[in-house]
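Just below is one structure, and these are the notes that go with it.
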Amino acid sequence: MVGGHRVKIVARLRPPIPGELSDNGIRIITTDDGLPSICVNNPRDHSQVFKFPFSSCYGHDSRQEDIFEADVRPLIDVVYSGATATIFAYGVTSSGKTHTMQGSRAQPGVIPRAVEALFDHRRQMREYDVTLSASYMEIYRDEVYDLFVDRETAPKLPVRENDAGQVFVANLSLLPIEDISEFNKLYTSANKQRSVGSTLLNRESSRSHAILTLEVKLTQQDKVLTGRINLVDLAGSENNKLTGNDASRLQESAAINKSLSVLGQVVHALNQGASRIPYRNSKLTRILQDALGGSSVGVLICNLAPGLKFRQDTLNTLNFAVRTRNVENKPVVNEQDTRSAPKLHFSAVRQAPPKLAPLAMAPPTTRRPRASIAPRNAASGVTSAAGPSRVPRVSAAFHMAEAAPYPSIGKRRESGLGIIRERFNVAKKITDQDIDDKISKAVEAEVERRLKEKLEEMERQRTADEERTRQEAEIADTTRDQTFEIPQPSLPSGLLTPLLKRHQDLDNELRQRLQELEKKYERDKLDGDIVHKLSPKSRKKTGRAYVALARAHSEKGDLQVALDLYRKAESYVPDNMKLKERIIEIDLAVSHGTEFNPSPKRARTRRRPRRTTQARAAQSSLNIIPETSVPGDESHEEEAVMNLLGGESKDDPPKQGGRVTNITFGVELTNSPSKRGMGTEAYRNGEVRRTSPRKRARM
């Protein structure tokens, strides 16, 4: 059995972009055995370094030509041998995948160099008629579009599978190309229709997966070899926190990340040897099925970004490459025989179509004509003049039916009709009676043989049943006489004692904690019921009482008790931010075992009493100039304000009967004479005149 070919891994580190933060955390070293490796610092622990050994590693100073000559050019010979090769670029967004595959005019990438190499190799194939064709498609938001068709009118193309199990895209254009200039014209116009967009990480970010297929057909007389090379430019995985995508870009990013995730699932399932590989979960993996565990030669180019913000994505890319390198493909030669098949006789057994030859096998030998199968005449010793017959000859085992106990399979395919045809072609003088006699003898021999086989089979079955019954009886007797004791392994004494004690302590601690939580829940529930039954004013008073008690305990140093009291107060006044801050401060002090230092109180500014409109009117009418309050003499200021407002001073007599008995002159509280400090008699005698406030102001 021919061995498989594993996917080859090529790692390439792009140079840093101007303004990009880089700490030289990704390096390429050569081990003692001469194998290059990629070394990456752990972004979470810089003292830890991850090493990824690959067969091909290229630094930021590598050239496009170096990668093509070392890892891509050998695949040109594979394509011209009739096999399929697939090269796909993988990596995070802005890591240089499109530059590696397409390049520029000054630095052509893999695709233009591969096309040039295919045309150069065609000149060497003089014995074949070589034709080259190209197809180009993109997978945008998990839908397939033909890039050789106008994008405005391009339909969505379905993915199908033919009778041979090969996956293809229906209605995809396959255009013949005659030279490099014709290909460049087609390829340039198709790239203008590819979906690209601008993000914060890349000015021209690919928003779709692009697959370019170059097909080579080699025709030589009766056979056709078909080789293909698939050049895949995958869209990069994106972190939406860094790209700044809008709504439409987010949908594109979700489709890209989903298809790449399914690609990782397919690789994982292949490594695990799963019975079901999820190729159908994405159209990308469905189309690349031949390159992942199929019959294609695969090369994965991992593009790496040196920036610090891409460090975790770089590790994910390298881990994917390590898993992909274990995927094994079995390439085959796609060869087709164009000769018309000979017309078989209606009684001939039809053979299954030949399988494709493995790539490593030698070229098939020339097919020789089949020798005559006509039997020789026993009397004359020469072959029949009728020439070679297409009727299957009678197996030699048919004449040895008596000696062979197990007839061959070919013997069972014999038929009386084939014997008649064969004998009729050999000897024309055989009569019908002879033919009937031969048929009767053949039938009798066949019946006898089958009967004998049936009897022998029954005898063997009976003997096997008797032997099995005898063995079961012996085993039962032996089991009845003997008692099997399975020794139980004994553990040293005292080995499990510390473990059991520790588990018991943990159980007790957990049980105690649960009891405390239950008590706290019941207490909080009871307090909650009480709070809901109180009025807002009662809640505020109760909360102040709890705060006073808590402040007293905090001054004594009982922080835990004070914390509980503050929390009870919070249930009554939940909107008090200062109380919440005090709870946080005490909680931190209790949890850390530090001394509680309360935050200083804010200095209160003394507010001047507000003068009413009546007081200002009285002051203006009497031309009273308020005295300037002397700092520290608050009693005089309070007394002056109370005089202006008509209130009580400290020396005023108390109220009697709810009415003011001593009213300061010049302040009018009401139109009632009794409430202006005058008796009814004075009012009747005309000592006090009724005047409106407007008239009094003019006076």
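The values are calculated or read from the model by the stated rules, or taken from the named source; none is laboratory data. From a predicted model like this one, the values you see are computed outputs, not experimental measurements. All Cβ positions, glycine included, derive from the backbone under ideal geometry; neighbour counts span all protein chains shown. Protein only, heavy atoms only, side chains kept; ligands, DNA and RNA dropped before computing areas. Shrake-Rupley method; radii C 1.70, N 1.55, O 1.52, S 1.80 Å.
Quick notes on this one:
- Descending semi-axes in whole angstrom, ellipsoid equivalent of the range 1-72, from the Cα gyration tensor: 26, 18, 11
- A full extension of the chain between D246 and A164 corresponds to an added length of 25.1 nm, given 0.36 nm per residue minus the alpha carbon distance.
- Size of electric dipole in the range 1-92: Cβ of Lys, Arg +1 and of Asp, Glu -1, about Cα centre, debye, nearest 20: 260 debye
- Rounded to the nearest 10 Å², the accessible area of D564 at probe 1.4 Å: 70 Å²
- Distance between the pseudo-spin-label points of A545 and L514 (7 Å out from Cα toward the beta carbon): 3.7 nm.
- For the pair S104 and D142, label points projected 7 Å from Cα toward Cβ lie 3.7 nm apart.
- T497/E595 FRET efficiency (R0 51 Å; Cβ-Cβ; nearest 0.05): 0.75
- Which of E152, E509, E215 is most accessible, then next, and so on - probe 1.4 Å: E152, E509, E215
- Packing-based ranking of 194-206, 120-132 yields 194-206, 120-132, ordered from highest to lowest mean Cβ neighbour count within 10 Å.
- Checking the cross-link pairs K283/K309; K156/K192; K533/K580; K97/K330 against a 20 Å limit on the alpha carbon distance flags K283/K309; K533/K580; K97/K330 as lying beyond it.
- In sequence order, calculated HN-Hα J values of the range 149-165 (Karplus, 6.51, -1.76, 1.60; Hz; x Gly/Pro): 10, 4, 5, 5, 10, 6, x, 6, 9, x, 9, 10, 9, 8, 5, 7, x
- Take 15-25, 534-544, 307-317 and order them by the average number of nearby Cβ atoms within 10 Å per residue, most first; the result is 307-317, 534-544, 15-25.
- Length available on full extension from S37 to N326: 0.36 nm per residue minus the Cα-Cα distance, which gives 102.3 nm.
- Accessible surface comparison of L292, L455, probe 1.4 Å, protein chains only, largest first: the order is L455, L292.
- Cross-link pairs K8/K223; K519/K578; K537/K568 - those with Cα-Cα distance over 26 Å: K8/K223; K519/K578
- Max-minus-min Cα coordinates of the range 199-314 on each principal axis give 59, 35, 28 Å, with the largest extent listed first.
- Highest-first arrangement of 218-227, 33-42, where packing means the average Cβ count within 10 Å: 218-227, 33-42
- Whole-number percent relative contact order across the range 131-210, with pairs defined as alpha carbons under 8 Å at least 6 apart: 33 percent
- Across the protein chains, with a 1.4 Å probe defining accessible surface, the residues C57, C302 rank C57, C302 from largest area downward.
- Neighbourhood charge, 14 Å Cβ-Cβ cut-off, centred on Q64 and excluding it, Lys, Arg +1 and Asp, Glu -1: +1
- Separation of the Q471 and D337 label points, Cα + 7 Å toward Cβ, nm: 4.8 nm
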